[in-house]
Amino acid sequence: MRVQVGIIGAGPSGLLLSQLLHLQGIETIVLERRTADYVLGRIRAGVLEQGMVDLLHQAKAGDRMAREGLIHDGFEIIFNGKRLHIDMKGLTGGDVVTVYGQTEVTKDLMDARAALDGQLVYEAENVQISDLDSDTPKLTYQKDGAEHEVICDFVVGCDGYHGVSRRTMPQDILREFERVYPFGWLGVLSETKPVAEELIYVNDKRGFALCSMRSETRSRYYLQCAFDEDLEEWTDDRFWDELRSRLPDETAASLETGPSIEKSIAPLRSFVAEPLRHGRLMLAGDAAHIVPPTGAKGLNLAASDIYYASNALIEYYQDNSEQGLDNYSHNCLRRIWKAERFSWWMTTLLHRFPDESPFDRRIQAAELDYLQDSQAAQKALAENYVGLPF
C-alpha cells in the first residue's frame, strides 16, 4: 500500500492531523494498536484553548463542541482561607477556554474521519518503522494474522509516551528531559452537577484538589495523593469525604455526590524529547512531551504540534517547500517549553510536596499572596492558561 502520510496513533492528535490533511487532498492512513472502544474509553483532559477549538472547526469537527461545550471566562484559586478569581477574559482582552472532554473530541474526530471514508486501522499490532533515511519510509504491522506494509512519504508518530515512534528515533541524536513529581492525582468522574460554574483549584494543608467538569451534569474531581496509592482502598465515600475536607465549608456544603463512573490514579511528570523530527519521521503529542495536568496543557500542546505539522506538510505538497518541515521541531519546542514551564509553575504553586522545607512553604505562600495582589501576575497566569498564540 502507498500513501503520502502514515500516522501512528488514533487519539485526538492522529485523527486531527489525518482530517486536516485529507481536507487538503493529502492521503493518509492511521494505525492504532487498540480498539476504537478502548480509545474512546480513555478519560483525559477537558479544557480546550482557543487554538484547539479553531483547529477542530478547521477540521470540520467542531459543530457538536460549539453546541455542547461550556465557555469559561475564568477560574478560582483557593488558598489559606482566601478565594482568588482569575478573570481570564478580562485580563487577556477577551480570550476564554472551552470545557469539552477529550473523549468527546475523539468521538467527533472519529465521526469526521468516517464521513470522509478515512483510512483507519484499529488493532494494528507490532507496528514498526523502517527506511527512515530514505524518501519512502515504511510502516509494517500485523492485522488478523496477516502482515501488512505501507510505503509513505512521511511518518508522524502520535502514539504516546510508550509508542514505537520515539523509540525509532536514532538514540545518538535524541535527548530526553524529565522531572517526576512525588505524588499523583486521584480522579473521579461522576454523573453529578458540578459544584461551581467554573473550575476551582485548591491549595490545602491536606493537599491539592481540583473541581472540574465535563458538562452541566457530569463532574470531574481530583485529589493529590501518593503516586503509589492503592486505588482499591479509595471507596467513593472516602473520596467524597476527603474532597470535602479540602474545600471551604460553603463549597463543601453544596457538593453533590454520587457513584463514580470512572476512577483512576495518574502519576505526574514533565517530559520533553528533542528533536521532534528526524528525516521523514515527525513526533507529536505525548510521543514527544508530557506535562503535569495542573495547567490543562496536555491536549492543547498536542494540538499545537498538529498545527505546525499540518501546515508544514500542506506547504510541502502544495508549494513544494520544505521550510515548514525544517522548522517543525524548533517551532514546536518553543511552545512546548513555555507550556512545560507554566505547568511546572502551576504544579509547584498548588501542591504540597512531601519533602518541602519551612522555607519552601513560605515561598509558596508568598507566591500566592503576590498573585492575589498583583494584576500583572494574574495577567501572566491568564494569558498562559488560555494558551499562547501559535
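Which pairs do you get when a residue that is not assigned by TED's automatic domain parsing to the domain that holds Arg206, found in segment 358-382, comes within reach of a residue that is among the basic types (Lys, Arg) and modelled with pLDDT of 95 or more, reach meaning Cβ atoms under 8 angstrom, with the pair 6+ apart or on two chains?
Pairs that qualify, where the first residue is not assigned by TED's automatic domain parsing to the domain that holds Arg206 and the partner is among the basic types (Lys, Arg) and modelled with pLDDT of 95 or more: there are none.
Return yes when Glu315 is surrounded by fewer than 19 Cβ atoms within 10 Å (Cβ to Cβ), touching a Gly at 6+ places or on another chain (Cβ under 6 Å) and under 30 Å from Val5 (Cα atoms) and no when it is not.
Details: surrounded by fewer than 19 Cβ atoms within 10 Å (Cβ to Cβ): yes; touching a Gly at 6+ places or on another chain (Cβ under 6 Å): yes; under 30 Å from Val5 (Cα atoms): yes.
In short, yes.
Return only the number of the condition from (1) out of contact with any Gly (no Cβ under 9 Å at 6 or more places or on another chain); (2) modelled with pLDDT of 95 or more; (3) not small (Gly, Ala, Ser) that Leu268 does not satisfy.
Answer for Leu268: the failing condition is (1).
Please verify whether segment 253-276 includes one or more residues that are within 18 Å of the chain's Cα centre (by Cα) and in a helix (DSSP H, G or I). Before you say what the answer is, go through the steps one by one.
If we filter segment 253-276 for residues that are within 18 Å of the chain's Cα centre (by Cα), which is where we start, we get 264-273, 276.
Narrowing further to those that are in a helix (DSSP H, G or I): none.
No - not one qualifying residue is present in segment 253-276.
Only residues that are out of contact with any Asp or Glu (no Cβ under 8 Å at 6 or more places or on another chain), hydroxyl-bearing (Ser, Thr, Tyr) and either surrounded by 14 or more Cβ atoms within 10 Å (Cβ to Cβ) or part of a loop (DSSP other than H, G, I, E, B) (or both): list them for segment 120-147, please.
Hit for segment 120-147 is Ser134, nothing else.
The rows are residues; the columns are (1) of a type in the set (A, V, I, L, M); (2) farther than 22 Å from Lys138 by Cα.
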{"site": "Ser254", "(1), (2)": "no, yes"}
{"site": "Lys263", "(1), (2)": "no, yes"}
{"site": "Arg280", "(1), (2)": "no, no"}
{"site": "His289", "(1), (2)": "no, yes"}
{"site": "Asn300", "(1), (2)": "no, yes"}
{"site": "Tyr308", "(1), (2)": "no, yes"}
{"site": "Leu313", "(1), (2)": "yes, no"}
{"site": "Asp319", "(1), (2)": "no, yes"}
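If you go through segment 198-214, how many residues are under 16 Å from Met88 (Cα atoms) and either in a strand (DSSP E or B) or not assigned by TED's automatic domain parsing to the domain that holds Asp241 (or both)?
2
Among the helices (runs of 4 or more DSSP H) lying completely within segment 1-119, list those that include at least 3 residues that are crowded, with 21+ Cβ neighbours inside 10 Å, at pLDDT 95 or above and not β-branched (Val, Ile, Thr).
12-22, 50-58, 102-115
So, Asp241, is that one of a type in the set (D, E, K, R) and crowded, with 16+ Cβ neighbours inside 10 Å or not?
On the way: of a type in the set (D, E, K, R): yes; crowded, with 16+ Cβ neighbours inside 10 Å: no.
The answer is no for Asp241.
Within the group Ser329, Ser321, which residue is surrounded by fewer than 24 Cβ atoms within 10 Å (Cβ to Cβ), outside the structural domain of Tyr222 (by TED's automatic domain parsing) and part of a loop (DSSP other than H, G, I, E, B)?
Numbers: Ser329 fails: part of a loop (DSSP other than H, G, I, E, B).
None of the others qualify; the one that does is Ser321.
The values are calculated or read from the model by the stated rules, or taken from the named source; none is laboratory data. Note that the structure is a prediction, hence the values are computed from the model and not measured. When we count neighbours, we look across all protein chains shown, and the Cβ atoms used for this are built from the backbone with ideal geometry, even at glycine.
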